[in-house]
């Protein structure tokens with residue numbers, strides 16, 4: 001984190017009454033997760049909410065440095081984002097979110113689906129490449145209503161429960177659903193991060209310590225073009241360096257080509273179908289189209305729930 005001004009670090013030590021070692025640990029978390037200084041300090045237990053001052057250090061938002069982000073910039077930050085659509089101004093931290101009622105099975109050991117998800121997680125861990133970069137996978141399915149978003153969310157929670165840094169991305173900019181599952185706001189998400197070339201809002205998920213959500217954002221007029229943009233590939237590159245697992249939700253292949261564009265960039269896909277619902281014709285057509293992406297198929301999941 002050498003880009004941080006030493007004077008700012010010294011002010012941090014004085015302002016929050018932290019040791020220099022604590023500040024270094026906080027900046028390390030900021031670098032890896034995109035959290036603000038205050039949020040990272042709270043996460044590590046170095047400060048309490050009542051310890052937070054009313055204002056951040058001067059220049060934190062306007063400095064343009066990724067490690068000097070104010071937790072809630074409010075109207076000022078929104079104005080900066082609008083004026084600076086083409087510049088990398090700040091890393092932005094969204095509000096903390098909680099898994100909704102539909103995701104309670106991810107914490108219920110008595111639920112049969114809980115064990116199925118852990119078995120799937122184990123199989124995917126065995127397939128995980130030995131690399132320092134993240135294991136990124138897109139979840140694809142032929143048709144709507146097959147449980148793709150639910151599987152993405154539960155799988156991301158499962159990895160995060162192992163203490164792995166995990167990012168859940170809603171790349172379904174047609175009918176996004178992850179923000180519904182987690183009760184998060186969806187004004188700023190993946191679509192704005194790509195179209196405006198700005199840092200995305202990441203929502204920390206309450207419960208597992210190392211999980212973050214990037215919602216789809218407002219539905220754009222050109223989702224496929226956004227996913228095919230070089231700025232989307234840049235985001236993927238950033239995520240490879242910051243996380244251990246990245247799970248990406250996509251629209252149904254039978255209706256849109258968005259999942260194929262994502263599969264091409266990601267290079268690894270997990271296929272989902274629903275028992276007694278997914279037609280053989282749609283599944284076969286999806287497999288044919290996936291071959292053109294040359295993405296590695298990690299396996300298939302048949303949803304019986």
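The values are calculated or read from the model by the stated rules, or taken from the named source; none is laboratory data. Since we're looking at a predicted model, the values are computed, not measured. Every residue, glycine as well, gets a Cβ built from its backbone with ideal geometry; the counts of neighbours run over all protein chains shown.
Let me confirm something: among 220, 251, which residue is closer than 27 Å to residue 184 by Cβ, modelled with pLDDT of 95 or more and in the same structural domain as residue 116 (by TED's automatic domain parsing)?
Answer to the selection: 251.
In the set 208, 200, which member is closer than 17 Å to residue 170 by Cβ and crowded, with 18+ Cβ neighbours inside 10 Å?
200
For region 238-250, which residues satisfy the criterion of being over 10 Å from the mean Cα position of the chain (by Cα) and over 16 Å from residue 261 (Cβ atoms)?
Matches in region 238-250: 238, 240, 241, 242, 244.
Identify, please: which residue in region 122-148 is within 28 Å of residue 225 (Cβ to Cβ) and out of contact with any helix residue (DSSP H, G or I) (no Cβ under 6 Å at 6 or more places or on another chain) and is, among those, surrounded by the fewest Cβ atoms within 10 Å (Cβ to Cβ)?
Applying the filter and picking the extreme gives 145.
Consider residue 229 carefully, then state whether it is surrounded by fewer than 18 Cβ atoms within 10 Å (Cβ to Cβ) and in the same structural domain as residue 156 (by TED's automatic domain parsing).
Spelling it out, residue 229 is indeed surrounded by fewer than 18 Cβ atoms within 10 Å (Cβ to Cβ) and in the same structural domain as residue 156 (by TED's automatic domain parsing).
Is region 146-160 home to any residue that is modelled with pLDDT of 90 or more, assigned to a loop (DSSP other than H, G, I, E, B) and under 30 Å from residue 286 (Cα atoms)?
yes
From the set of residues in region 173-185 that are surrounded by fewer than 18 Cβ atoms within 10 Å (Cβ to Cβ) and at pLDDT below 95, which is nearest to residue 30 (Cα to Cα)?
185
Within region 234-243, does at least one residue satisfy the condition of being in contact (Cβ under 8 Å) with a residue 12 or more places away in the chain, in the same structural domain as residue 136 (by TED's automatic domain parsing) and farther than 22 Å from residue 178 by Cα?
Scanning region 234-243, I find at least one residue that is in contact (Cβ under 8 Å) with a residue 12 or more places away in the chain, in the same structural domain as residue 136 (by TED's automatic domain parsing) and farther than 22 Å from residue 178 by Cα, so the answer is yes.
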